[in-house]
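Reading through the structure tokens given below for one structure.
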Amino acid sequence: MVVRTLSVPGRWLVHAYYTVVPYAPDGSGRVLTAGGDPSRGTGEVLVLSADGDVLDRFGDGPVEASFWHTGRWQTWSPDARFVYYTRGTLQRPQVVRRELATGAEAVLDGDLEGAPPGDAPLLSALLGMLHAAGAGDGVYRADASPVPFRKRDQHGLFAHDFDAGRSDLVLTVQQVLDEHPERERLLAADRDQDGGLSLMTYCVRWSPDCSRLLFYFGNHLATYSRGEPKVGYVMTARADLSDVRPAVDLSFGVPGVHWSWQPDGDRLIGYGPDPDRPDRMCLAEVRHDGTEYRKLSDHDSGGHPSASPADPDLLVTDEATPTGGAVVFLSRSTGAEVARTELPKFRGATHPGGRTPLSTDHHPVFHPSGDRVLANALPGADAVLVEVATPR
């Protein structure tokens, strides 16, 4: 059930992602969102009060198609003193750290996929590589990549240090490939692919206590846009990037998508192969070291799942429907659906495809209290944020 709608006149709202909590970590109730103006092709970052009023706005400028999916990746610092966000282009991105009290900003070259929720390095890959491989529109554009795919020693995970004023490449794709337990199989596929595989890293996500992170290693949508064999591994590592290992294998025909951390900081949740029918997808969990993989539910939407921070039995995900979409709550113990809320997801009779102001992804994210989730919805020309009550 929708309990509140947050909207801003003349702005198309979108929170960052289902792995980025938009609620201020200081308990003030403030909400961080992005607001776009489709008529101008621009977007900004908005800080909303607990009542939904605009307290601050900044970062207004031109946007690319990715904005209508994840905004400016706006993220709170752990003490709510700063907000991080992106600007620039997918080929030449920049990360901005803004001090809210003063408006002072520091800028580094690089990208952002959400900041860590605690004391950990600000790490990111280059999202422009995902889009060069076909994210959003399914078109492969190798020349649009911020770094050529084949230069595997020049891209990977970058660490952004605003105090030192520098961004450094700290883990390369070549290193991940060289140390991968399936290295020989990957190299064979690389040789068989004309021009080689479009390997990259992407989707950095921190455990709640920031002791570990996960990231993806693979070729993302180049499977569909270029016909490459699918390579997709959910990798985990310690915060210092030691102990890098695959936790989930979604390669060479294995179905699965969208993995993130659970509140215990030990297990991941996402969509992967059904142990009983490996050609089918199911909602599953696994320990960070790749052990104890198990099915949680037959639900197979391929949406964006997460576990409640308050109720150990409650899971949430989203799914597409013929007329829109839905936020779906599931029981961990039974796998059954326990509640759902239908939401408008696109304009028109059918989904228009791509990433435009004509559609949104719900991306449900739990409030820290666990009593609600925040999701994107598109009831009209401008997208809004809705709070959906969790079932009791």
With +1 on each Lys and Arg Cβ and -1 on each Asp and Glu Cβ, how big is the dipole of the stretch 203-330 about its Cα centre, in debye rounded to the nearest 20? 400 debye
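Would you work out the relative contact order for the chain, in percent, from Cα pairs under 8 angstrom that are 6 or more residues apart?
Value for the chain: 13 percent.
Which net charge results for the neighbourhood of His351, defined as the other residues with beta-carbon distances under 14 angstrom from its beta-carbon, given Lys and Arg at +1 and Asp and Glu at -1? Don't skip to the end; give the middle numbers.
Numbers: positive: Lys345, Arg347, Arg355; negative: Asp137, Asp318, Glu319, Asp361.
Surrounding charge for His351 is -1.
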Post the alpha-carbon centroid distance, the stretch 149-185 to the stretch 53-87, in whole angstrom. 25 Å
Radius 14 Å from Cβ of Arg150, net charge of other residues (Lys, Arg +1; Asp, Glu -1): -1
Could you order peptides 350-361, 131-142 by the average number of other Cβ atoms within 10 Å of their residues, highest first? 131-142, 350-361
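Treat every Asp and Glu Cβ in the chain as -1 and every Lys and Arg Cβ as +1, leave all other atoms uncharged, and give the resulting dipole magnitude about the Cα centre to the nearest 20 debye. Each step should come with its number before you reach the end.
On the way: 38 positive and 53 negative charges, 128 e Å.
Magnitude of the dipole: close to 620 debye.
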Expressed in angstrom and rounded, the centroid-to-centroid distance over alpha carbons for the stretch 197-227 and the stretch 305-346 is 24 Å
Just going by the charge dipole of the stretch 174-247, with Lys and Arg at +1 and Asp and Glu at -1 on Cβ, which of Pro208, Ala222, Pro246 is farthest out on the positive end? Pro208
Listed residue (Ser331, Leu296, Ala375) projecting farthest to the positive dipole end of the stretch 261-392, Cβ model: Ala375
Between Asp143 and Glu179, how many nm apart are label points set 7 Å from Cα along the C-beta direction? 3.6 nm
Dipole of the stretch 19-78, positive direction: furthest Cα of Thr75, Gly29, Phe58, with charges on the beta-carbon: Thr75
P(r) histogram, all alpha-carbon pairs of the stretch 164-280 included - 10 Å bins from 0, percent: 13, 42, 34, 10, 1, 0
May I ask you to derive the relative contact order of the stretch 1-74, considering only C-alpha pairs under 8 Å and at least 6 residues apart, and to give it as an integer percent? 30 percent
Under 14 Å from the Cβ of Pro312, count the other residues' Cβ atoms, weight Lys and Arg +1, Asp and Glu -1, and hand me the total. -3
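Starting from the Cα coordinates of the stretch 238-291, work out the convex hull volume and express it per residue in Å³. Could the numbers behind the result be given before it?
Numbers: hull volume 4.5 nm³, N = 54.
Looking at the stretch 238-291, the number lands at 84 Å³ per residue.
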Which of the lysines could a cross-linker bridge to Lys151, judged by Cα under 30 Å and excluding same-chain residues fewer than eight apart? Lys230
Any idea how far apart Asp300 and Val54 come out in nm if each label point goes 7 Å out from Cα toward Cβ? 4.5 nm
For the chain, which semi-axes, largest first and in whole Å, follow from the square roots of 5 times the eigenvalues of its Cα gyration tensor? 29, 25, 21
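To the nearest 0.05, how large is the calculated FRET efficiency for Ala188 and Thr102 if R₀ is 56 Å and r is the Cβ-Cβ distance? The partial results should precede the final answer.
Values: r = 55 Å, r/R0 = 0.98.
Computed FRET efficiency for Ala188 and Thr102: 0.55.
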Sorted from largest down, give the three principal axis spans of the alpha carbons of the stretch 94-221, whole angstrom values. 55, 31, 24
Need one number: the % of Cα-Cα pairs in the stretch 230-382 sitting beyond the 19 Å mark. 56 percent
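Throughout, read-outs are computed from the coordinates displayed, never taken from laboratory work. Treat the numbers as computed from the prediction; the structure is a model and nothing was measured. As a convention, Cβ positions derive from the backbone with ideal geometry for all residues, glycine included, and neighbour counts pool all protein chains shown.
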